[in-house]
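Everything on this sheet refers to the single structure shown next.
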Amino acid sequence: MNVAFIPVRGGSKSIPLKNIKPISGKPLVYWTVKAACGCKYIDKVYVATDSEKIKETVESFKIGREADLFSKVRVIGRSAESASDTASTEFAMLEFAENYKFDNIVLVQATSPLLQSVNLDQGFEAFNEEGIDSVLSVVPQKRFHWANDENGFTHPTNYDVFHRPRRQEFDGYLVENGAFYITSKADLIKSQNRVSGNIKAVEMNEDTFFEIDEPSDWVIIEALMKKNGITAPIEIPEIKMFLTDCDGCLTDGGMYYSEQGDELKKFNTRDGMGFALMRQKGIITGIVTSENVDLNRRRAEKLKLDILEVGCKDKVAAVKRICEEHGINLRNVCYVGDDINDLEVIRMVGFGCCPADAVPKVKEVAKYVSKTKGGNGVIREICNYVFG
């Protein structure tokens, strides 16, 4: 049996309780636990902590939309000695080995949130090769190293200063990034070390060179996570009411006129199906718009919507009143808007959304920005996202 061991303690001095401090929208430890749970070679993920707060945080990962993903997780205690400032990680690993059954162990360090499941998959595939006893994660580097001698003079240590290689011709070297280490239980106990015997390195992305040890690392790694698309999943509350603006959401925002001067609008049939699906689920649906035109009334009637709020100058007040009338908490409302008069409602409700072509300020505060533009099936897309 392969297990992941993630030791996290509450007594970090550089960043208090850093293991549960939010980064990219989730507690730091979330990211490595998620990576370990997603590895196809890991059977169980043990998070060892001396902190009740950390325990509660990790246990919360097993609730909600991601419950299945975190089903491998088990939070266990660790002794005060193993969680002290002077105890080595090996001490914690050996303490764990004394009390739990497993064949092979991967030490995963919570300070490496850029770690991905695929990296751990690669690590176990290397570990399973013939003749390999241990595996560690590394990052390739191409830097010229210098060191001082006993006389205080500086000399290059990994290249000839008179034959400086070009970067593309320089082999460089490998640096531990501290993300993970794999070994067997037998070798861990025998060597008293996280790696031993024939060791193989698995290279990771150069961005993973950084670990979180100091506050300055936090800023760097959060930016790198964003660059690499490592973001928290969107939390969706239980939705009982679905409201939307009309122009720019149900339509493309264009104003069309016939030869006779009649105003025309283009709606999308896919949105109609989205409303029908929500109606089947018992969701209250409606339009809240500042316009007061017959076209919107006819569309709302055809869609069989529960609510049509027209000529609305204060959408915040209107949505609050609608919720009170139907006995629904604002947290249980999904609202779709595209312009600045929708901004405060999007902030206020539990799940504020907008089309892909909404104004920038609205896109900044929306919890979900659709891939489609207004009038092109935005409501259907959001309906599929929220209700599956």
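Structure notes:
- Linear extension gain, E56 paired with F144, 0.36 nm per residue minus alpha-carbon span: 27.1 nm
- Cα gyration tensor category, rounded, prolate or oblate, for the stretch 241-387 with a/c compared to 1.5: rounded
- Residue-averaged 222 nm ellipticity for the chain, from DSSP H runs of 4+ at -39500 (n - 2.57), nearest 500: -9000 deg cm²/dmol
- Cβ-derived FRET efficiency at R0 41 Å, E301 paired with K21, nearest 0.05: 0.20
- Difference of contour (0.36 nm per residue) and Cα-Cα distance, Q168 to A232: 19.4 nm
- Extension gain, S88 back to E125 (0.36 nm per residue minus Cα-Cα distance, nm): 10.6 nm
- In terms of distances greater than 22 angstrom between alpha carbons, the cross-link table entries K53/K240; K240/K315; K266/K320; K44/K101 yield K53/K240; K266/K320.
- Ranking Q109, Y173, N193 by Cα position along the charge dipole of the chain, where only Lys, Arg, Asp and Glu carry charges on their C-beta atoms, puts Q109 farthest toward the positive end.
- In the chain, taking the dipole from charged Cβ atoms about the Cα centre, the farthest positive-side position among P7, C39, S134 is held by C39.
- Checked against a 32 Å cut-off, the cross-linked pairs K313/K363; K72/K227; K40/K226; K55/K367; K72/K200 all give Cα-Cα distances at or below that limit.
- By the count of other C-beta atoms within 10 Å, a proxy for reagent exposure, R299, R143 are ordered fewest to most as R143, R299.
- Put in line by how crowded their Cβ is, counting other Cβ atoms within 10 Å and starting with the fewest, W146, W218 read W146, W218.
- Once the C-beta distance of R279 and D103 is scaled by a Förster radius of 56 Å, the resulting FRET efficiency is 0.55 to the nearest 0.05.
- As a rough guide to protection, the peptides 236-249, 170-183, 275-288 ranked by mean Cβ packing within 10 Å, highest first, stand as 236-249, 170-183, 275-288.
- R0 of 41 Å, Cβ-Cβ distance E364-E325: FRET efficiency to nearest 0.05: 0.85
- The peptide list 157-165, 133-141, put in order of mean Cβ contacts within 10 Å with the highest first, becomes 133-141, 157-165.
- A dipole drawn for the chain from +1 and -1 charges on Cβ atoms has a positive end, and of F162, S71, M93 the residue lying farthest that way is S71.
- Trypsin sites (Lys or Arg not before Pro) within the stretch 72-125, DSSP loop, no more than 13 other Cβ atoms inside 10 Å: K101
- Computed magnitude of the charge dipole of the chain (debye, nearest 20; Cβ of K, R +1, Cβ of D, E -1): 1040 debye
- Residue exposure proxy: E125, E222, ordered by other Cβ atoms within 10 angstrom of their Cβ from fewest to most, comes out as E125, E222.
- Remark on the chain: Rg and Dmax equal 27.8, 95 Å (Cα only).
- When the stretch 96-252 is reduced to its Cα atoms, the Kirkwood hydrodynamic radius in Å: 19.8 Å
- Spacing of the two label points (7 Å from each Cα toward its C-beta) at D160 and L69, in nm: 5.2 nm
- Counting all C-alpha pairs of the stretch 1-42, share separated by more than 15 Å (%): 48 percent
- With both labels modelled 7 Å from their Cα along Cα-to-Cβ, the Y385 to K371 distance reads 1.1 nm.
- Dipole magnitude for the stretch 241-387: computed about the Cα centre from +1 point charges on Lys and Arg Cβ and -1 point charges on Asp and Glu Cβ, it is near 620 debye.
- Spatial separation of Cα centroids for the stretch 23-101 and the stretch 344-388, in angstrom: 35 Å
Values quoted throughout were computed directly from the atomic coordinates according to the rules given, and no laboratory measurement underlies them. Since the structure is predicted, the reported quantities are computational estimates derived from the model, not experimental observations. Cβ coordinates were reconstructed from backbone atoms using ideal geometry, including for glycine residues, and neighbour counts include every protein chain displayed.
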